[in-house]
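Data block below; observations after.
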Amino acid sequence: MEDQRAYARVEDESTLIKTASKRDHELQPGPPCFVYTLAFFSALGGFLFGYDTGVVSGAMLLLKREKKLSSVWQELLVSITVGAAAVSALAGGFLNGRFGRRVCILLASFIFCAGGIILSVARNKEALLCGRLTVGLGLGIASMTVPVYIAEVSPPDLRGQLVTVNTLFITGGQFIASVVDGAFSYLPHDGWRFMLGLSVVPAALQFLGFLFLPESPRWLLQKGFTQNALLVLRQIRGDVDVEEEFESIRCSIQEEQRDVAGGPVLWRMLASPPARRALIVGCGLQMFQQLAGINTVMYYSATILQMSGVQDDQMAIWLAAGTAFTNFLFTLVGVWLVERVGRRRLTMASLLGTAVSLMVLAAGFLLSAQASPPVTFHPSNPSIHNSTCGNYGFCESCMLDPDCGFCYGLNATAVVQSSCVPVDPANTETAALGRCFNGTQKASSVFWAYNYCPTPYSWVVLLGLILYLAFFAPGMGPMPWTVNSEIYPLWARSTGNACSAGVNWICNVLVSLTFLHVAQYLTYYGAFFLYAALALLGFVFVSGCLPETKGLRLEEIESLFSRRLCSCGAHTDQYMRRLEFGALHYATSEPEGRISYISVSTSQKKTKSLILISVLFHSRKNIEHNIFVLPLHFEFTEEVD
Ligand SMILES: O[C@H]1[C@H](O)[C@@H](O)[C@H](O)[C@@H](O)[C@H]1O
């Protein structure tokens, strides 16, 4: 009903476009860099996403000491944010469709501010929980709205790059968080208040910025605010003529409003094959992003680095900042590559490289497990015999038990006098008793290893970690967000992004909550081999389902998933001369001249297979994968005049 009203408004107001055109000279076209300003202020949402998910590990180190948090509370404080983000991302679809992108970004930054303030003044763990929950609510809305907003305001040739910048801000936020963690970890008290509270600064900046920035022209047009939409589009595009773009958005909205039936959007998406296909691709990408284990690898990086011989905790925190920086640096490579090699190739190469790196990581863990030092010293303390720690014969099995750690001495290069002892539950950096207990005078040649074992193969693990980030960060890190922001038709964009962002957060929480259990059952190398297998599965999925969207207008991208025909490419004639059998009905063509979608009309039904063979044969070089990707991209229609 609302759609119909909006449609009527679009029709009524179509005359306004002409009036508005006449007033061209009255408009103050925005500077050409306006779209960069929009992208920057929106991507602050990405920065907050990265900061709030990244800062918690360092803050938790201090919190568990100062507030004597049990491991249940620690886990709760970390995962409540991700859980709340999953719920609010799903709810964000409705909010986006109803109130627009700008209002949602304002709302998210307001919530971030509130969350940051609650956290920085929290007096007890309940208040901390409330603050972390609030931050999560902001995270979910921001994570699904920002990419959509950037995609909708960007010109087609910059869209991929600008949406990818949002992920650059995510990884940048994670890096800054780790630096802040490092800096404030030296404070004797309340360092966590600064760590958690500092997010108020970018959140307030974004809120203030968005008070003055415009709504997405596509949303305005969809809601029937035609003139406003045109004004905003002109403002964003600066000197560029916007008539054609405006008309194509308007056309596409009118078609959609005519075609799409009523009912809840998700239901309509599931009932419409193209939207359903886009939803599967979008959610699948987000799922495989998380199943490839990025957050486990990032979280685990400190331990991986400890395995490489870094014993000092402070040093480990700084080296973890180095890992976050590497993630950021390689995301920058993604920003550079996305408009050059395209989304599809970038994602596929990234997944393949990620799978191989995960295998290197797993091999490193496997070699380390095989070279795992034995337990040679069994202390007589009775509390060891009351715990499970006394049962283990090797470091490998000892470290897989979350209640135990490995205490050892070093003689030249060999591990000597090693024991498996209970960990202090309140502080895993020390044993609960014995030589590795912090309270006793610790000999300089005695070391405490919690969660890892001393190994000569740590370099293989380190190599795997670096390779992993180098392959994951340019492709699988940003592309799921970028692709999701562009594959849905306007009517389904908010809901599609809400669902896929929800899937991302749900899989994020699932992978992080299950990692330790998976490692206990399958060992570390088993867990990383499992992630490698999932990344390979993701590769098969992407190669079969993801069409290239580079350089196309958002309205053209819809047709990659549908049999709706978009624009006739200039290459049609040339193509038809080769085809001979039927008439090429429509084709969408990419800017560099590749035909990416074809539809052939013929009355000779018998020749369909011949046409198909001919199309495949002649277009091997010309047609980029889509014909194979979604078989329905190839269609026959009855001959038209
Ligand atoms: O795209 C981002 C990015 O790769 C981050 O590093 C990761 O922590 C997020 O989960 C992911 O969604």
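Within the shell defined by Cβ-Cβ distances under 15 Å, the residues around H189 carry a net charge of +4, with Lys and Arg each +1 and Asp and Glu each -1.
Under 5 Å between amide hydrogens, built in the peptide plane, is the criterion, and for C404 it picks out V423 among residues at least 5 positions away or on other chains.
Normalised by the residues of the range 163-236, what does the relative contact order come to in percent, with Cα pairs under 8 Å and at least six apart?
16 percent
Using θ = phi - 60° in the Karplus curve 6.51 cos²θ - 1.76 cosθ + 1.60, the 3J(HN,Hα) couplings for the range 452-465 round to 8, 10, x, 8, x, 9, 4, 5, 5, 5, 5, 4, x, 5 Hz; x is entered for Gly and Pro. Sequence-ordered 3J(HN,Hα) estimates for the range 75-87 from the Karplus curve with 6.51, -1.76 and 1.60 and θ = phi - 60° stand at 5, 5, 5, 7, 7, 5, 5, 5, x, 5, 5, 4, 5 Hz, glycine and proline given as x. The modelled label-to-label distance for the pair D403/T514, using points 7 Å beyond Cα in the direction of Cβ, is 2.5 nm. Full extension of the chain between N386 and E255 yields a length gain of 40.0 nm, computed as 0.36 nm times the residue separation minus the alpha carbon distance. Cα gyration tensor of the range 212-307, axes a ≥ b ≥ c as square roots of the eigenvalues: rounded (a/c below 1.5), prolate (a/b > b/c) or oblate? Oblate shape, in that a/c is at least 1.5 and b/c is the bigger or equal ratio. At an R0 of 41 angstrom, the distance between the Cβ atoms of M315 and F99 translates into a FRET efficiency of 0.30.
Ordering 53-60, 410-417, 241-248 by mean Cβ neighbour count within 10 Å, with the highest value first, yields 53-60, 241-248, 410-417. Taking amide H atoms as placed 1.01 Å from N in the peptide plane, the amide H of V416 lies under 5 Å from those of G409, L410, N411, each 5 or more residues away in sequence or on another chain.
Taking a ≥ b ≥ c as the square roots of the eigenvalues of the Cα gyration tensor, an a/c ratio of 1.5 or more together with a/b no larger than b/c marks the range 108-201 as oblate. Of the chymotrypsin sites (Phe, Trp or Tyr not before Pro) found in the range 365-428, those in coil by DSSP whose Cβ has at most 16 other Cβ atoms within 10 Å are F377.
With 0.36 nm allotted per residue and the present C-alpha distance subtracted, the F212-F437 stretch has 75.3 nm of extension available. In the context of the full protein assembly, D424 retains an accessible surface of approximately 40 Å², using a probe radius of 1.4 Å and ignoring ligands and nucleic acids.
Label reach from V72 (point 7 Å along Cα→C-beta): in the range 110-146, amide nitrogens under 16 Å belong to 125-126, 129.
Here the Karplus curve 6.51 cos²θ - 1.76 cosθ + 1.60, taken at θ = phi - 60°, turns the phi angles of the range 330-342 into couplings of 6, 5, 4, 4, x, 4, 6, 7, 4, 8, 8, 9, x Hz, with x standing for Gly and Pro. Given R0 = 51 Å, the distance between the Cβ atoms of T376 and S543 translates into a calculated FRET efficiency of 0.50.
The values are calculated or read from the model by the stated rules, or taken from the named source; none is laboratory data. Fair warning: this is a prediction, and the values are worked out from it, not measured in the lab. Using ideal geometry, Cβ is built from the backbone for each residue, glycine included, and neighbour counts are taken over all protein chains shown. Heavy atoms of the whole protein, side chains included, go into the accessibility calculation; ligands, DNA and RNA do not. Shrake-Rupley method; radii C 1.70, N 1.55, O 1.52, S 1.80 Å.
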